[in-house]
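Below is one structure; the comments refer to it alone.
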Amino acid sequence: MISSNIAKRYARAFFKIAAEDGLYEKYYNELSLFSSIINESKDLKELLINPVFDQAEKSAVVNSLLKKVAISNVTANFLRLLVDKRRIGILPDIEGCYRKLMDDVLKKIRVDVKTAFPLSAELSEKLQKRMEELTGKKVEMAILRDASLLGGIVVGVGDTLYDGSIKTQLHNIRYLLGEEI
């Protein structure tokens, strides 16, 4: 909980800078890129998170990484600040908080769709348009295939889950029959 509040504060501060520059998505993409670099290497992640390692070493490693990656000076300075303040370990949380702030301002929403079978391009487009009508926001849809659903579709919009899967319907029928017997 504490790290979540700290992540929100850092995300809000960085978001204010992005608002001044009008580069919400660019800065988010840079944060996301650097976060993925850290997460891909277990050794790098351990070095940056572990308090046993010297801050100077951590700063040197981050600076050498920043030279190899195309990241703006603003984002690079923010990442250096996270290292200096020993907050680089919560970068994924900061990234998530920043993304929520960005989505609110840009009127975007993320929609997760699970289906038992691949959706056709036409059906996917119809679903996206329907979700945009329902939410009043621009929808970014992620479609995942989940054979365990047997059929139907499960749509997650924020904290709301629309479950039209056959698996859930069969479970509900079993529950109803079990109560009547």
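Against the conditions (1) surrounded by fewer than 12 Cβ atoms within 10 Å (Cβ to Cβ); (2) in contact (Cβ under 8 Å) with a residue 24 or more places away in the chain, Ser35 satisfies every one except (1). One residue alone among Leu144, Leu176 is exposed (fewer than 15 other Cβ atoms within 10 Å of the Cβ) and part of a strand (DSSP E or B), and that residue is Leu144.
A residue that is in a strand (DSSP E or B) and surrounded by 16 or more Cβ atoms within 10 Å (Cβ to Cβ) occurs somewhere in the range 115-130. Of the listed requirements (1) among the hydrophobic types (A, V, I, L, M, F, W, C); (2) out of contact with any helix residue (DSSP H, G or I) (no Cβ under 7 Å at 6 or more places or on another chain); (3) surrounded by fewer than 14 Cβ atoms within 10 Å (Cβ to Cβ); (4) assigned to a helix (DSSP H, G or I), Val105 misses just one: (2).
Screening Lys107, Lys100 for residues that are in contact with a Gly (Cβ under 9 Å, 6 or more places away or on another chain) and closer than 30 Å to Asp146 by Cβ leaves exactly one candidate, Lys107.
Considered as a group, the residues in the range 81-117 that are aliphatic (A, V, I, L, M) and without any contact (Cβ under 8 Å) to a residue 60 or more places away in the chain include one that is nearest to Ile17 (Cα to Cα), and that residue is Leu81. Every listed requirement among (1) of a type in the set (D, E, K, R); (2) in a helix (DSSP H, G or I); (3) within 24 Å of Glu140 (Cβ to Cβ) is met by Arg80 save one, (3).
If the condition is being assigned to a helix (DSSP H, G or I) and either in contact (Cβ under 8 Å) with a residue 60 or more places away in the chain or out of contact with any helix residue (DSSP H, G or I) (no Cβ under 6 Å at 6 or more places or on another chain) (or both), then the range 50-69 contributes Gln55, Ala56, Glu57, Ala60, Val61, Asn63, Ser64, Leu65, Lys67, Lys68.
Every read-out reported here was derived from the displayed coordinates using simple, explicitly stated rules and does not represent laboratory data. It should be emphasised that the depicted structure is a prediction, and the values quoted were computed from it without experimental measurement. Cβ sites come from the backbone with ideal geometry, for glycine too, and all protein chains shown count toward neighbours.
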